[in-house]
Amino acid sequence: MKKKYVRYEYYRVVYTDIDKIDHKRGLFKLDKLISKVKELPLGERAKKVRLESSRLDDHNEANNYHLLLFSRLKKSHFTKKGKLDSPLEDFDLEDDDYIGEEVCALYDPDMHVLMLQRNRDSLSPTGIQEYLNIMFQEVTGKTNYEIFLEPICTDDAKSRVKKSGIIKKIHVRIADKDIKKIVEKDKGLKGLVSGWSVYEAPYVDIILVNGRFKNQKIKREPVQELMDEILENPELIQKARLTIGDTSKPEVIDLLTDKATDFSQVQVSEKIEEARAQLNHKVVWDLMIDIFHTGTENKKRKFDIQRYLTKGG
């Protein structure tokens, strides 16, 4: 058995009428679009998103949520298969066969929130956004609406870092054009970047990482000061990410745009059939409901998301 982490992010589904001057965004009722798309045959749901086909593969409902399965359908002409002690051979596919990479989603129609599984081999949030726009135009005939998935950001990044027992990694990126301004402020960042301007690189990346042994840890006090400085001067920083927590439950915090993120830890067998049963899309849907609706320690993630939306507008 091996551990696998399933990552989720949260987005609010909105739209704009591009014919209007102000392009003001409103809340989009994704459930109404899904109800039309799911009635189409699978072949009619498949649409080109950039260079590959994508589609809504499955849909279910539970606890007033819409459970969605999107797939990226890839052509694979050169994929091989084989055992460790035998030569590789062609993985035979018919001309109309595809390799499918799945990604799950949970949609809350009351808050217009999409909880989205991340899978680097499948559709990205941008890819799903493009797919929804294509399907909306097809099933409604309207071309003046544009759908967006807006990331939902937290309001407690600083406090989560302070509460964390372990800071595993810090990654800060600064544009060369901003180094002079940082040096003029004469604070902690000055010491990290002042010598780099002579190279005239467009960006400077600073990465601090914990060592492998217990005594090789990043000091917390300078990190807190650095974090305060970044939050006070976000316009001078291109990227500021911290990885906190232990190996069993790592968390990446973006100090500039801290997306609401969750993880599920799943034990997956080395045997293919068992692994497929342990982590198919219905299992992932259940994991999403456990986090969003059921909650851990009597705390539903839904309430956090609601708070973030209220504070962020």
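With the helix formula -39500 (n - 2.57) applied to DSSP H stretches of n ≥ 4, the chain reaches a computed 222 nm mean residue ellipticity of -8000 deg cm²/dmol.
For residue 311, give me every one of the lysines with a C-alpha distance below 20 angstrom, ignoring sequence neighbours fewer than eight places off in its own chain. Hits, sequence-local ones excluded: 24, 158, 259, 299, 300, 302.
Defining a contact as two alpha carbons under 8 Å apart and six or more residues distant in sequence, what relative contact order in percent does the range 116-234 show? It comes to 22 percent, rounded to a whole number. What the Cα convex hull of the range 1-144 gives, in volume per residue, is 145 Å³.
Of the GluC sites (Glu not before Pro) in the range 7-54, the ones in a loop by DSSP (not H, G, I, E or B) with at most 14 other beta carbons within 10 Å are 39. Shape summary of the range 46-127, radius of gyration then Dmax from alpha carbon positions: 16.5, 55 Å. Percent of C-alpha pairs per 5 Å bin in the range 84-153, short distances first: 3, 12, 16, 17, 16, 13, 7, 6, 5, 4, 2, 0. Here the range 201-304 has an Rg and Dmax of 18.6, 51 Å, counting Cα atoms alone. Sequence-distant contacts, meaning Cα pairs under 8 Å at least 6 residues apart, place the relative contact order of the range 1-124 at 28 percent. When the GluC sites (Glu not before Pro) in the range 70-109 are filtered for DSSP coil states and for at most 10 other beta-carbon atoms within 10 Å of their beta-carbon, the remaining sites are 94.
Just need log10 I(q)/I(0) for the range 147-193 at q = 0.16, 0.17 Å⁻¹, Debye formula, equal scatterers on the alpha-carbon atoms, no solvent, rounded to two decimals. Results for the range 147-193 at q = 0.16, 0.17 Å⁻¹ read -0.76, -0.81. Its convex hull of Cα atoms gives the range 240-288 a direction-averaged projected area, equal to a quarter of the hull surface, of 4.4 nm². The simple spin-label model puts a point 7 Å past each Cα toward its Cβ; for residue 95 and residue 1 those points are separated by 4.7 nm. The C-alpha radius of gyration of the range 127-175, expressed as a fraction of 2.2 N^0.38 Å, stands at 2.01.
For the options 250, 109, 87, a Gaussian network treatment of the chain with springs between C-alpha atoms closer than 10 Å singles out 87 as fluctuating the most.
Does the range 18-82 come out rounded, prolate or oblate by the C-alpha gyration tensor, with a ≥ b ≥ c the root eigenvalues, rounded set by a/c under 1.5 and, if not, prolate when a/b is larger than b/c and oblate if not?
Working: a/c = 2.63, a/b = 1.53, b/c = 1.72.
Oblate, since a/c reaches 1.5 and b/c is not below a/b.
State to the nearest 20 debye the size of the charge dipole of the range 79-192 about its Cα centre, where the only charges are +1 on K and R beta carbons and -1 on D and E beta carbons.
Details: 19 positive and 23 negative charges, 358 e Å.
The calculation lands at about 1720 debye.
Only Lys, Arg, Asp and Glu count, each charged at its Cβ (+1, +1, -1, -1), so figure out the dipole size of the chain about its Cα centre, rounded to 20 debye. Display every interim value, and only then the final one.
Working: 57 positive and 54 negative charges, 244 e Å.
For this selection, approximately 1180 debye.
What are the GluC sites (Glu not before Pro) within the range 144-243 that DSSP puts in a loop, where the Cβ has at most 14 other Cβ atoms within 10 Å? Here the sparse-neighbourhood loop sites are 200. Which of 15, 203, 131 moves the most in a Gaussian network model of the chain with Cα springs under 10 Å? Largest GNM mean-square fluctuation: 203.
A probe of 1.4 angstrom, applied to the heavy atoms of all protein chains, finds residue 310 with accessible area near 110 square angstrom. Label-to-label distance, residue 190 versus residue 86, with points set 7 angstrom from Cα along the beta-carbon direction: 6.8 nm. Between residue 155 and residue 61, the FRET efficiency from the beta-carbon distance, with R0 = 35 Å, is close to 0.70. Placing unit charges on the Cβ atoms of the charged side chains and taking the dipole of the chain about its Cα centre, the candidate lying farthest along the positive direction among 106, 41, 53 is 106.
Convex hull over the alpha-carbon atoms of the chain: what's its volume per residue in Å³? Let's see the in-between values first.
On the way: hull volume 65.9 nm³, N = 313.
It is 211 Å³ per residue.
Inter-part distance, the range 103-122 to the range 1-63, computed on C-alpha centroids, equals 8 Å.
Across the chain, the relative contact order, built from alpha-carbon pairs under 8 Å that are at least six residues apart, equals 21 percent.
The values are calculated or read from the model by the stated rules, or taken from the named source; none is laboratory data. Fair warning: this is a prediction, and the values are worked out from it, not measured in the lab. Cβ coordinates were reconstructed from backbone atoms using ideal geometry, including for glycine residues, and neighbour counts include every protein chain displayed. Note: accessible area is taken over every heavy atom of the protein model, side chains too, but ligands, DNA and RNA are not part of it. Shrake-Rupley method; radii C 1.70, N 1.55, O 1.52, S 1.80 Å.
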